[in-house]
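**Q** Would you mind keeping the following structure in view while I ask a few things?
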Amino acid sequence: MLELSNIDAGYGSFQALFGISMSVKAGEAVAVIGSNGAGKTTLLRVISGLLPASSGAMTMEGTALRETPAHKIIETGIAHVPEGRRLFPRLSVENNLRIGAYIPAARQKFAERLDQVYTLFPRLKERRAQLAGTLSGGEQQMCAIARALMSGPKLILLDEPSMGLAPVIVAQVFDLVRRLRGEGYTVLIVEQNVRQVLKIADRAYLLEVGRIKASGSSQELLASDEIRKAYMGI
């Protein structure tokens, strides 16, 4: 589905990614793990077109993403749930969801998608008229994921969905990701909570200082003494 080959990217003269090659197959949940500053968020920003790659190739189901304008990438089937959720706090839950369906193909199916999202997240239906900024942290993350689903994506990019949340809410957020898997969505998730994310992902890539240092099944990485010591404190 998604293929990256030798992707370099950065900010001005600062290079943040070096020769990144990776893939995500339809139906998979793939994690990108690593410490703060490893380049994880930059990687998702490059895939969704928020930051241009300086070299390399990226394709989504054969469509060349580097040649696709940033505002058109969502039409290839990629939806990005950004770090920090980035909701519109003074708009209602439902109006935030409406913004997620702004592309023409999604507008035509707005009512149908809204029903699907409310079925998946009944709490959002209860709070449909509530201002998004007054939701709890877990509910805001739920709303951010639901907004992404309104575009009818094939691939969902999740950037640090557990960041800043209390442990009990973190468990709820990872349960949300499991439910997305159950609905058949393909997920690429960036996460510092290594132990939790490897429990829900099929495969993972370890990113260190902008380079992929290891990759394999989640079970393989969970069993790695190096990763357990460096990222799980055990």
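No lab work stands behind these numbers, since they all come straight from the coordinates. Since the model is a prediction, treat every value here as computed from it, not as a measurement. Don't worry about glycine lacking a Cβ; one is built from the backbone with ideal geometry, like all the others, and counts go over all protein chains shown.
**Q** Identify all aspartates and glutamates with a Cα-Cα distance to K125 below 15 Å; exclude those on the same chain that are fewer than 8 residues away in sequence.
**A** E94, E112, D115, E139
**Q** Which of the GluC sites (Glu not before Pro) found in the stretch 31-101 are in a DSSP loop and have at most 15 neighbouring Cβ atoms, other than their own, within 10 Å? Mind dumping the intermediate values first?
**A** Values: sites: E61, E67, E75, E83, E94; in loops: E61, E83.
Hits after loop and neighbour filter: E61.
**Q** Just to check I understand the Karplus step: with θ = phi - 60° and J = 6.51 cos²θ - 1.76 cosθ + 1.60, what whole-Hz values come out for the stretch 33-44, glycine and proline as x?
**A** 10, x, 7, 4, x, 6, x, 5, 5, 4, 4, 5
**Q** Name the residue, out of G100, G12, G62, whose mean-square fluctuation peaks in a Gaussian network model built on the chain with Cα pairs under 10 Å.
**A** G12
**Q** Using θ = phi - 60° and the Karplus form 6.51 cos²θ - 1.76 cosθ + 1.60, what ³J(HN,Hα) does each residue of the stretch 53-67 get, whole Hz, x for Gly and Pro?
**A** 6, 8, 6, x, 10, 9, 10, 10, 6, x, 7, 6, 6, 5, 9
**Q** Please report how far the C-alpha centroid of the stretch 176-218 lies from that of the stretch 1-59, rounded to the nearest whole angstrom.
**A** Spelled out, the Cα-based centre of one part sits 14 Å from the other.
**Q** Here's a follow-up. For K229, list the aspartates and glutamates whose Cα falls under 20 Å from its own Cα; do not include residues on the same chain fewer than 8 positions away.
**A** E191, E208, E220
**Q** Going by Cα centres, the stretch 62-78 and the stretch 142-169 are how many Å apart?
**A** 20
**Q** A further question on this structure: Going down the list K40/K213; K72/K213; K109/K154; K25/K199, which pairs span over 24 Å between their C-alpha atoms? Display every interim value, and only then the final one.
**A** Values: K40/K213 13 Å; K72/K213 32 Å; K109/K154 15 Å; K25/K199 18 Å.
Pairs exceeding the cut-off: K72/K213.
**Q** Apply the Karplus curve 6.51 cos²θ - 1.76 cosθ + 1.60, θ = phi - 60°, to the phi angles in the stretch 5-16 and return the couplings in whole Hz, x for Gly and Pro.
**A** Coupling constants for the stretch 5-16: 9, 6, 7, 10, 7, x, 10, x, 7, 8, 8, 9 Hz.
**Q** Here is a further query. In percent, what relative contact order does the stretch 143-234 have, based on Cα pairs under 8 Å that are 6 or more apart in sequence?
**A** Computed over the stretch 143-234, the figure is 22 percent.
**Q** How high is the relative contact order of the chain, given as a whole-number percent (alpha carbon pairs under 8 Å, six or more residues apart)?
**A** 27
**Q** Which of S218, S55, S151 ends up with the largest GNM mean-square fluctuation for the chain, with Cα atoms connected below 10 Å?
**A** Result for the chain, Cα springs under 10 Å: S55 fluctuates most.
**Q** Give me the compactness ratio for the stretch 6-77, meaning the Cα radius of gyration over 2.2 N^0.38 Å.
**A** Here the Cα radius of gyration is 1.09 times the empirical estimate.
**Q** 5 Å is the cut-off here: which amide hydrogens, built 1.01 Å from N in the peptide plane, fall below it relative to I7, excluding neighbours closer than 5 in sequence?
**A** When sequence neighbours closer than 5 places are left aside, the close amide H contacts are G19, I20, S21, A57.
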